[in-house]
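The structure appears below as structure tokens.
Each reported figure results from applying straightforward, stated rules to the coordinates on display, with no laboratory input. As the structure is a computational prediction, the values presented were derived from the model and not from experiment. Quick reminder, even Gly has a Cβ in these numbers, built from the backbone with ideal geometry, and neighbours come from all protein chains shown.
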Amino acid sequence: SQTIHQWPATLVQPVGSPLSLECTVEGTSNPNLYWYRQAAGRGLQLLFYSVGIGQISSEVPQNLSASRPQDRQFILSSKKLLLSDSGFYLCAWSESGVLTDTQYFGPGTRLTVL
Amino acid sequence: KQEVTQIPAALSVPEGENLVLNCSFTDSAIYNLQWFRQDPGKGLTSLLLIQSSQREQTSGRLNASLDKSSGRSTLYIAASQPGDSATYLCAVKGNTGGFKTIFGAGTRLFVKA
């Protein structure tokens, strides 16, 4: 069966510090991978998605970036965090080659920027 | 641009009551619609997925309907239980523009024992 992991679970960072959130998927090959952000009381906002190693599509211009160094690893990064980067970050995956398929979500990372 | 709205934003009901959560979307050119459940501080769990050609899907006490032409979906929960307390999110996947998924802000449900 497939499993998706995210870490850390919670993170408190000062403004201007760097960020690295990691997501890994087990039990599937060449999944589509997604990063979402959920602000309090709002819906999920798609940040990035990837259909393969090194292939990243950005949905929202911002100071965040994403990378996919391995088939089942997706990393969300920032060089300098802003207060507005606070939120709940969710990683998700879906079956390879089918962007229309259902997405399966990880447990999330709660980021607080102070 | 697709917009997804969920009403009400919050709902509190006594245990045992049947209830309906509403989701509306502005662009009827969708591929599918999905209902998720989210417990506080947790990720999303898929409940029901309705393809654009379908009218409804059922799983246990849950029934989701889709009226694509009017841009509406409902999630019906029968005989609600305290364990149903969570936030319920509606998500619409378009059939153009990269098949992006647009989420509603959710309905926070509290079922009182």
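Brief remarks on what is shown
- Per-residue Cβ neighbour rank within 10 angstrom, fewest leading, B:42, B:1, B:93, B:112: B:1, B:112, B:42, B:93
- Sum of side-chain charges, residue B:15 neighbourhood, beta-carbon under 13 Å (Lys, Arg +1; Asp, Glu -1): 0
- For segment B:1-62, applying the loop criterion from DSSP together with a ceiling of 16 other beta carbons within 10 Å to the GluC sites (Glu not before Pro) yields B:3, B:15, B:17.
- Residue A:42-residue A:26 pseudo-label distance in nm [points 7 Å out on the Cα-to-Cβ vector]: 3.4 nm
- For peptide B:38-47, the mean count of partner chain Cβ atoms within 10 Å of a residue's Cβ comes to 5.
- Under 14 Å, Cβ to Cβ, from residue B:5 - net charge with Lys/Arg +1 and Asp/Glu -1: +1
- Residues A:29, B:73, ranked from the fewest to the most other C-beta atoms within 10 Å, line up as A:29, B:73.
- Spin-label model, residue B:51/residue A:13: points 7 Å from Cα along the beta carbon direction are separated by 4.1 nm.
- Orientation-averaged projected area, Cα convex hull of chain B (nm²): 6.6 nm²
- Subtracting the Cα-Cα distance of residue B:5 and residue B:67 from 0.36 nm times their residue separation leaves 20.9 nm of extension gain.
- Cut-off 19 Å, label 7 Å out along Cα→Cβ of residue A:79, residues of segment A:1-45 by amide N: A:14-21
- Positive-pole candidate from A:93, A:3, A:112, dipole of chain A, charges at beta carbon: A:112
- The lysine pair count for the protein assembly as shown, using Cα distances under 19 Å and pairs eight or more places apart or on different chains, is 5.
- Solvent-free Debye scattering, log10 I(q)/I(0), computed from the Cα coordinates of segment B:49-88 at q = 0.20, 0.25, 0.26 Å⁻¹: -0.64, -0.86, -0.90
- Cα gyration tensor of chain A - equivalent ellipsoid semi-axes, whole Å, descending: 23, 14, 13
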